[in-house]
Number of protein chains: 2
Amino acid sequence: MARSEIKIGGFGGQGVILSGYIIGRAAAIYDNKYATMIQAFGPEARGSACSAQVIVDTDPIAYPYITSPGVLVVMSQEAYSRFLPELDQGGTLITEEDLVTVRNLRKDIRHRAVPATRFAEELGKRLVLNIVMMGFFSAVTDIAGKDAMRKAVQMSVPKGTEELNLKAFDRGWEYGMRLIGMPADTAH
Amino acid sequence: MARSEIKIGGFGGQGVILSGYIIGRAAAIYDNKYATMIQAFGPEARGSACSAQVIVDTDPIAYPYITSPGVLVVMSQEAYSRFLPELDQGGTLITEEDLVTVRNLRKDIRHRAVPATRFAEELGKRLVLNIVMMGFFSAVTDIAGKDAMRKAVQMSVPKGTEELNLKAFDRGWEYGMRLIGMPADTAH
């Protein structure tokens, strides 16, 4: 892998930005790659949709904007409709199963869905759904490994919430590993 | 104002990224400017320091990296020591009063300190200290106005926490207005 481009979308307050931050941090700090995360805001961005662009590269990143992400993670229907056309040929679409309805998807796209809200609610805190998504992301892509992502989660969430967030991560990760047909106790 | 460059630093879990996001969103969406927020992660970034670079401009932003911020907001001693040398000539330094000790400051720097942690604790939730900082930031700089920032806070924090976060914002804003010698009921 040289350069991976990831776009994450959802609505405000859902933890979209923190998700991107965790991927960037995991890739750069623990996997010895470089990463940038960027949000661009313009007068046209008046909706409640919120997005983060993350780039992970084996070299320093001079141009941090994404034109065509290889992975799109969406947590709302609006973000799905808005960002899907950007997804690269042969790209991976990751959706929150209960928040996003997917229909008539382009044949070249690999689609992976996870009931992250339900898992988060089972853990007692709906807010950690983005961290469930990140566990799932780690399992179904090869951009940032499990250990690096877990450490990044630990360093990035509010003090005192680490344990809950790691549980949420593991829940998403295990589900992702089962989905792609690998035993969840396999190191990734 | 053409281009304003702001750097925010603290440690993971403190809400540094959300703070930058709120500034960018406020400036772009409600003040009709453009904004970008970027985090760059490299293998050297192994510490717990966490930072966000925000640019607000009247024109679209082609180059989103900051070399010399005009405003530096810091919420930890490590971020202070690390990022202070970057602060532009005549720049504004905003610190969390109890978390950052400032000594022998360059004479060209304008320093504004706020006891954000104390205010946040008085509101019953230490976590909102970053939002107190954002209220203070809005008052003591002219980058993003009060109403725009309040709307951005409302749209960016988790559902159900809006009221608390707006209280935190107002607390910081009023303190900032008093500090710069303007009555807190003046529109900014």
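The values are calculated or read from the model by the stated rules, or taken from the named source; none is laboratory data. Quick caveat, the model's predicted, so the values are computed rather than measured. Cβ sites come from the backbone with ideal geometry, for glycine too, and all protein chains shown count toward neighbours. We work out accessible area using only protein heavy atoms, side chains counted, and drop any ligands, DNA or RNA first. Shrake-Rupley method; radii C 1.70, N 1.55, O 1.52, S 1.80 Å.
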(request) Return the distance in nm (one decimal) between the two label points of a simple spin-label model at B:Leu105 and A:Arg82, each offset 7 Å from Cα along Cα→Cβ. (result) 3.8 nm
(message) As I understand it, the dipole of the protein assembly as shown uses +1 on the Cβ of Lys and Arg and -1 on the Cβ of Asp and Glu, about the Cα centre. Which of A:Leu105, A:Gly70, B:Val132 lies farthest toward its positive end?
(response) B:Val132
(message) Over all directions, how big on average is the projection of the convex hull of the alpha-carbon atoms in chain B, in square nanometres?
(response) 10.4 nm²
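Let me know the mean shielding of B:154-163 by other chains, meaning the per-residue number of their Cβ atoms within 10 Å of its Cβ. Before the final figure, lay out each step's value.
On the way: counts 2, 6, 8, 2, 6, 6, 3, 2, 1, 0.
Going residue by residue through B:154-163 and averaging, the value is 4.
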(message) Regarding region B:25-102, what's the average projected area of the Cα-atom convex hull, expressed in nm²?
(response) 6.2 nm²
(request) Determine the calculated [θ] at 222 nm for chain A from helices alone, applying -39500 (n - 2.57) to every DSSP H run no shorter than 4 residues and normalising by the residue count; nearest 500 deg cm²/dmol. (result) -10500 deg cm²/dmol
(request) Quick one: net charge around A:Gly124, please, counting Lys, Arg +1 and Asp, Glu -1 for every other residue with C-beta under 14 Å from its C-beta. (result) +2
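Can you give me the relative contact order of region B:3-82 as a percent, contacts being Cα pairs under 8 Å and 6 or more apart?
On the way: 147 pairs, mean separation 36.8, N = 80.
Relative contact order for region B:3-82 comes out at 46 percent.
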(message) How far, in nm to one decimal, is B:Ala113 from itself in the other copies if the label point is set 7 angstrom along Cα toward Cβ? Shortest first, please.
(response) 5.5
(request) Sort out for me the Cα centre separation of region B:67-90 from region A:104-127, rounded to whole Å. (result) 39 Å
(message) For peptide A:12-21, what's the mean number of Cβ atoms from other chains within 10 Å of each residue's Cβ?
(response) 5
(request) Taking the Cα centre of chain B as origin, work out the dipole magnitude from +1 charges on Lys and Arg Cβ and -1 charges on Asp and Glu Cβ, in debye rounded to 20. (result) 160 debye
(request) Along Cα-to-Cβ, 7 Å out, sits the label point; list in nm, shortest first, how far the one on B:Lys125 is from those in the other copies. (result) 1.3
(request) Label region A:118-188 by shape, choosing from rounded, prolate and oblate, from the square roots a ≥ b ≥ c of the eigenvalues of the Cα gyration tensor; if a/c is under 1.5 it is rounded, and otherwise prolate applies when a/b is larger than b/c, oblate when it is not. (result) oblate
(request) Find the relative contact order for chain B and round it to a whole percent, using C-alpha pairs within less than 8 Å whose residues are 6+ positions apart. (result) 21 percent
(message) Quick check: at a probe of 1.4 Å, how many percent of the accessible area of chain A sits on carbon and sulfur atoms?
(response) 48 percent
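Could you state the accessible area per residue of the protein assembly as shown in Å², with a 1.4 Å probe and every protein chain left in place?
Per residue, the protein assembly as shown has 40 Å² of solvent-accessible surface.
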(request) Could you state the orientation-averaged shadow area of the convex hull built on the Cα atoms of region B:72-162, in nm² to one decimal? (result) 6.3 nm²
(message) Debye calculation, C-alpha points only, no solvent: report log10 I(q)/I(0) for the protein assembly as shown at q = 0.06, 0.10 Å⁻¹, in the same order as the q values.
(response) -0.21, -0.59
(request) At a probe radius of 1.4 Å, figure out the A/B buried accessible area, summed over both chains, and give it in Å² to the nearest 100. (result) 3000 Å²
